[in-house]
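Step one of this worksheet: look at the structure below.
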Amino acid sequence: MTDIHVSSPPTVGGGRHLLEVKDLFVEFHTRDGVARVINGVSYHLDPGETLAVLGESGSGKSVTAQAIMGILDMPPAKIPSGQILYKGENLLAMPEEKRRQVRGKEISMIFQDALSALNPVFPVGWQISETLRTRAGMSKKDALNRAVELMDLVKIPAARARIRDYPHQFSGGMRQRVMIAMALAMDPKVLIADEPTTALDVTVQAQIMDLLGDLRRDLNMGLILITHDLGVVADVADRIAVMYAGRIVEHADVRNVYKHPAHPYTEGLLDSIPRLDSKGTELATIKGLPPNLMRPPTGCAFHPRCKYAKAVCTTETPLSLDLGHGRTSACHFAKEMLDGTLR
Amino acid sequence: MFRYLVRRFLQMIMVFFATTFIVYALMYWTGGDPIQALAGEKPVNDVLRAQLTKEYGLDQPFLVRYWNYITDLLHGDLGNTLVGRPIKDVLADAWPITIQLAVIAIVVTILFGVTAGVIAGIRRGSIFDNTTLVLTLIVIGIPSVVLAPLAQYLFTIQWKIFPTTAGGDASLWDLLLPGIVLGSLSVATAMRLTRASVSENLRADFVRTARSKGMPGRRVIGIHVLRNSLIPIVTFLGVELGSLMAGAIVTEGVFNIPGVGYQLSKALTTEDTPLIIGIVSVLVVIFLVANLIVDLLYAVLDPRIRYE
Ligand SMILES: Nc1ncnc2c1ncn2[C@@H]1O[C@H](COP(=O)(O)OP(=O)(O)OP(=O)(O)O)[C@@H](O)[C@H]1O
Ligand code: SF4
Ligand SMILES: [Mg+2]
């Protein structure tokens, strides 16, 4: 960790990544003005790897994912600059028809609330097999048989008997499994899970997390796991990208983050994880509210809430600093954070 | 599902008795002297009056008369009009015409209202959307007592496109203009409802899911959105049958079409109480059956109801 320089996203093994988001900007043009929601996000993903994307509500985790999927409504959304490379090809420059072929087949996505994300009027078997029928040219019968296999794969009991059931007839956990089965139908190489367990009971959360981890390993998929719960990612993620106000403020291996956060915001998130050994003691939470993206603070967007903020933080926007080992932090005092000398 | 059906059926029977009872009671207490009405302008002497009173069972208490009426009705006997024609025959002549009229109106509603609503819902804020919004507001604003004569004047007298009145044995062509006029009121409502339903469903989470599955836009709208939007539309069309019947009274009157609405307004002016009760009872039955069918369709279209 000697020389610190402005980084492009860290590359592992020098080659090209399966998926690479490069300096992405997204803004929403609304009646009240322009909200700059994503301000230069870069991250990447390799096969078989899990990237956890963390951050408070409104930090831009979902918008980034929707930009990757190409399901942002434009307008109001606009992508003034940036690239999203899948196997080296820029998705943002593709014609819509070609882009559509990527969705579901190469990159799939599952959502937070499976009840509203599934269509209420079609049986689950129909929904899981829809892509197989309409895009893979399978017969109705073959597609349904494959749907049963997929439901077995995500461990839905008595899959064949439930193929004609409707989403509302399933429990929350089973419904999320249906969602996962549907996303896996076309053997995607990348699965984006946008807070897949937030709507579920704690015990069910763990089961779904385990399932996603297993599927990722068995199918050698790249998994982007979006969550605002640092607690759940420790076991499943390889790397973590922490987002704040539309930027990646810290990007590192999971173990490094837990041991030595390199950004004050990450530290704040870590302090707010409920721990088994500290039951009863009050949780530290990050004081203040996320910034208004129509009028973001000058300098470091986190400075109004940062307990380490200095004069420079209010005027200079910190760049992403490469701290070595694929680690970056967007704080003027990242090095001091790591050394433990920042007061 | 079975319990749902049974419950709906029991409700339907209760509503049938309640409405026929109310109609019968209203006619019983407010309808003038039936014997005088029967005789017309001529004075009625006491002997004849006593004889007629006995013959029509007018000396019976109210509840007995209602009961007799209902049992006759359930046996398919609607009684006679004041001038002695079986009400069954009157209705047998009038119904086919009104049904044709209603079918034209419903087809017009679906063809124009639902189609325009789908387009407006997809292209919210477009020129098409705004134009149809203004047009529907105008149509909704005009009551049928104004719209029907206006359309009749413009299309039959001014431009001579359609025949002025339909008359006795009306052909489908004769009924076209009245049918369109009758439907135009529902067209506006159907269009607003469809537009709202489509644009709401377009924003639903399952649309985002369908898009992220790589479904082409026409399939997302044509299958995922429309199938959901159909639920309120079908309900509306079923309920709208009721307003069509009400609208038919005016439209049939204006275009001189001898349908049920025409017979009813005639019965009202001649104070033909048995005919009024007969027509209203049948209308009630039809309305109830239509509602039952709508409920069944609703259950077919929305699995969340079916399995409740
Ligand atoms: N259609 C839209 N129009 C205007 N602003 C939007 C729209 N969609 C998202 N935003 C804004 O973009 C910002 C980022 O939203 P995003 O959904 O990505 O947050 P998130 O990190 O996923 O939060 P959460 O944890 O609540 O899901 C928010 O401030 C949100 O208000
Ligand atoms: S740059 Fe300043 S305000 Fe921003 S996180 Fe670092 S110390 Fe805090
Ligand atoms: Mg989100």
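Computed over all pairs of different Cα atoms, the Kirkwood value for the hydrodynamic radius of the protein assembly as shown is 30.2 Å. On the principal axes of its alpha carbon atoms, chain B extends 86, 57, 28 Å, with the longest extent given first.
Sorted by average packing, counted as other Cβ atoms within 10 angstrom per residue and highest first, what order do A:248-260, A:86-98, B:181-193 take?
Numbers: A:248-260: 21.0, A:86-98: 13.1, B:181-193: 24.4.
Sorting A:248-260, A:86-98, B:181-193 by mean packing, highest first, produces B:181-193, A:248-260, A:86-98.
Just checking the listed ones, B:Ile279, B:Ile138, B:Ile122: in the Gaussian network model of chain B with Cα springs under 10 Å, the one fluctuating most is B:Ile138. Annotation for segment A:293-335 versus segment B:223-279: alpha-carbon center distance of 70 Å. For A:Cys331, the residues 5 or more places off, or on other chains, whose built amide H falls under 5 Å of its own are A:Leu321.
Quick one: helix B:2-30 against the long Cα principal axis of chain B, what's the angle to the nearest 10°, folded into 0 to 90? Taking Cα atoms only, the helix is inclined about 40 degrees. Checked against a 19 Å cut-off, the cross-linked pairs A:Lys307/A:Lys335; B:Lys54/B:Lys88; A:Lys287/A:Lys310; A:Lys310/A:Lys335; A:Lys98/A:Lys189; A:Lys98/A:Lys140 give Cα-Cα distances beyond that limit for B:Lys54/B:Lys88; A:Lys98/A:Lys140. Within the protein assembly as shown, DSSP assigns beta bridges of which about 65% are antiparallel (rounded to the nearest 5).
In the distance distribution for chain A, Cα-Cα pairs more than 24 Å apart total 58 percent. Starting from the Cα gyration tensor of segment A:128-204, take the square roots of the eigenvalues, sort them a ≥ b ≥ c, and report rounded, prolate or oblate (rounded when a/c is under 1.5, otherwise prolate if a/b is larger than b/c, else oblate). Oblate shape, in that a/c is at least 1.5 and b/c is the bigger or equal ratio. Entry note, chain B: relative contact order of 26 percent, from Cα contacts under 8 Å with a spacing of 6+ residues. The phi-based Karplus calculation (6.51 cos²θ - 1.76 cosθ + 1.60; θ = phi - 60°) puts the 3J(HN,Hα) values of segment A:179-191 at 4, 5, 4, 5, 5, 8, 3, 9, 6, x, 8, 10, 10 Hz, whole numbers, x for Gly and Pro. Reported value for segment A:180-328: 153 Å³ per residue, from the convex hull of its C-alpha atoms. A simple charge model with +1 on the Cβ of Lys and Arg, -1 on the Cβ of Asp and Glu and nothing else charged puts the dipole of segment B:90-301 at about 1380 debye relative to its Cα centre. Note on segment A:78-168: dipole from Cβ charges, positive end direction compared against A:Ser116, A:Ala143, A:Gln101; the farthest Cα belongs to A:Ala143.
Placing +1 on the Cβ of every Lys and Arg and -1 on the Cβ of every Asp and Glu, with no other charges, gives chain A a dipole of roughly 660 debye about its Cα centre. Once the Cα atoms are used to define both axes, helix A:202-219 deviates from the longest principal axis of chain A by about 80 degrees. Per-residue 3J(HN,Hα) values for segment B:261-271, derived from phi via the Karplus relation 6.51 cos²θ - 1.76 cosθ + 1.60 with θ = phi - 60°, read x, 5, 4, 5, 5, 5, 4, 5, 6, 8, 6 Hz in sequence order (x marks Gly and Pro).
Readers should treat all values here as calculations from the given coordinates under stated rules, not as data from a laboratory. Since this is a predicted model, take the numbers as computed values, not measurements. A quick note on method: Cβ atoms are made from the backbone with ideal geometry, for glycine too, and the neighbour counts reach across all protein chains shown.
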